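The values are calculated or read from the model by the stated rules, or taken from the named source; none is laboratory data. Only a predicted model underlies this, so the values are computations on that prediction, with no experimental measurement involved. Counting neighbours? That spans all protein chains shown, and the Cβs are built from the backbone with ideal geometry, glycine included. To get the accessible areas, we keep the full protein, side chains included, count just its heavy atoms, and leave off ligands, DNA and RNA. Shrake-Rupley method; radii C 1.70, N 1.55, O 1.52, S 1.80 Å.
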Amino acid sequence: GASTSSPWLTFSKALATTRCGDTINLMDGVYGDGTSTGKIDLRNRNCSSGGVLTLRALNQRKAWVKDAGRGIAMRVASSSYITMDGIVLSSRDNNYSSTYEQGGLPAYVLESHHIAIKNAVLSNPNRYGNLHLLVMVRVSDSLVVDSEFYNFHRHAILTKPGTRVTIRRVYCNSRIGGLAGGYPTTSGTNGGDACVALYPCQYCIIENTIADGSPKASFLAELNASGEVPLKGNKILGSIGYRSGNNGVYINSRGSGLTMMPQDTRVENVVIYNHRSSSAIRNSDAKNTVIKNVTLVGAGSDRGITTDQRGYGDGAYSTTMQNALVLNQANVGLTVKGVSTWSGSEINS
């Protein structure tokens, strides 16, 4: 492990030998299933801001860790201050019903904080399961940045739940979309679901992120108030949804009461372009949502901005809209229904 001429062979050896503050360099090549290296499985490694443990590709995106559809290419559990830099991670289709723990995932982060995933490429979860490319369960104060996500049928990135997670400069393209006979999605086989699903998240940020729905549809973001933590204080900033299907951005509640209600969400400097179905932005059962500086261009889609209620939350729905441009919707540009408090200025439809 001291030089490229005498590297360690396995991840288990490298992780057992190194300490917080060290950097493990991955040489060019393929790791994981089908090789003798094993996969990245890092548990109970609690480092500090002054001693981050880093795993990085010696040459960016030239180290590829593969899972065969029944495991996890990269798992981080009960750990802190870990950085993954420049690594390619993938799984593949394997016809069996699986959970996150059982596998079929490129990356799984569980009950950890201060985890950074940088310059990564993730692709191909097992499409027979309700699986995603990057799953973060009970994760806080973490960062996903400068990374790309491909070939997904459900979500590219899922927080369940998250606190102060930032997703910045990320590109998503579902490409191959769903699988006939695989796990059903909103797009069927014609695409994927969200680039980012906050399910839920509090004080999380999606920034400068692109969801590319060409050739097959997916959408930019889904914010679900499902109760584990309040869906509160989240921001979608400077991001683009291109040729998205379903709702381009969907802010919604999954039950009654304040903890099941989206609160204090900000959608600012966002473009949804050539949107194909439903609403470019749908804001349901939400309290104190701000939608500002948005451009929404339809391509056979139904509506631009929909602000409505389905009877969830605490009933005190409120929304502010400012400087919205809505073009080429098949139905209407702006819908407000059942919302007790709302205001808008410079809304052009």
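Observations
- Couplings 3J(HN,Hα) for the stretch 298-307, derived from phi with the Karplus relation 6.51 cos²θ - 1.76 cosθ + 1.60 (θ = phi - 60°), are x, 9, x, 7, 8, 9, x, 10, 10, 10 Hz, where x marks Gly and Pro.
- Spread of Cα-to-Cα distances over 20 Å intervals beginning at zero, given as percent, for the chain: 32, 54, 14, 0
- Karplus-derived 3J(HN,Hα) values for the stretch 288-294, using 6.51 cos²θ - 1.76 cosθ + 1.60 with θ = phi - 60°, are 6, 8, 10, 10, 9, 6, 10 Hz; glycine and proline are entered as x.
- Ranking by accessible area, most exposed first, for Leu179, Leu15, Leu58 with a 1.4 Å probe: Leu58, Leu179, Leu15
- Relative contact order %, the chain, counting alpha carbon pairs below 8 Å whose residues are six or more apart: 8
- Extension gain (nm, one decimal) between Ser36 and Asn269, 0.36 nm per residue minus Cα-Cα: 79.1 nm
- The stretch between Arg310 and Val145 holds 55.9 nm of extra length on full extension. This uses 0.36 nm per residue minus the Cα-Cα distance.
- The stretch 223-349 - percent relative contact order, Cα under 8 Å, separation 6 or more: 22
- Cross-link pairs beyond the 26 Å C-alpha cut-off, checked among Lys66/Lys160; Lys118/Lys235; Lys62/Lys160: Lys62/Lys160
- If you plug the beta carbon distance of Ser48 and Val336 into 1/(1 + (r/R0)^6) with R0 = 51 Å, you get a FRET efficiency near 0.55.
- Computed lengthening from Asn328 to Thr189, 0.36 nm per intervening residue step minus Cα-Cα distance: 47.4 nm
- Whole-percent carbon and sulfur share, accessible surface of the stretch 98-222, 1.4 Å: 48
- Normalised by 2.2 N^0.38 Å, with N the number of residues, the alpha-carbon radius of gyration of the stretch 182-245 equals 1.19.
- For the stretch 10-108, the spread of Cα coordinates along the three principal axes comes to 44, 28, 20 Å, biggest extent given first.
- Per principal axis, descending, Cα span of the stretch 281-349 in whole Å: 34, 22, 12
- Between amide H atoms placed 1.01 Å from N, distances below 5 Å from Ser256 occur with Gly313, all of them 5 or more places distant or on a separate chain.
- Cβ crowding within 10 Å averaged over residues, with 27-38, 316-327 ranked highest first: 316-327, 27-38
- Neighbourhood charge, 13 Å Cβ-Cβ cut-off, centred on Phe152 and excluding it, Lys, Arg +1 and Asp, Glu -1: +1
- Mean projection area, nm², convex hull over Cα of the stretch 103-209: 5.7
- Solvent exposure of the stretch 1-122 amounts to 45 Å² per residue of accessible area, where only protein heavy atoms count and the probe is 1.4 Å.
- Secondary-structure-derived ellipticity at 222 nm for the chain, considering helices only, amounts to -500 deg cm²/dmol, per-run term -39500 (n - 2.57) for DSSP H runs with n ≥ 4.
- Nonlocal amide H pairs with Val290, under 5 Å, H built at 1.01 Å: Thr265, Arg266, Val267, Thr320
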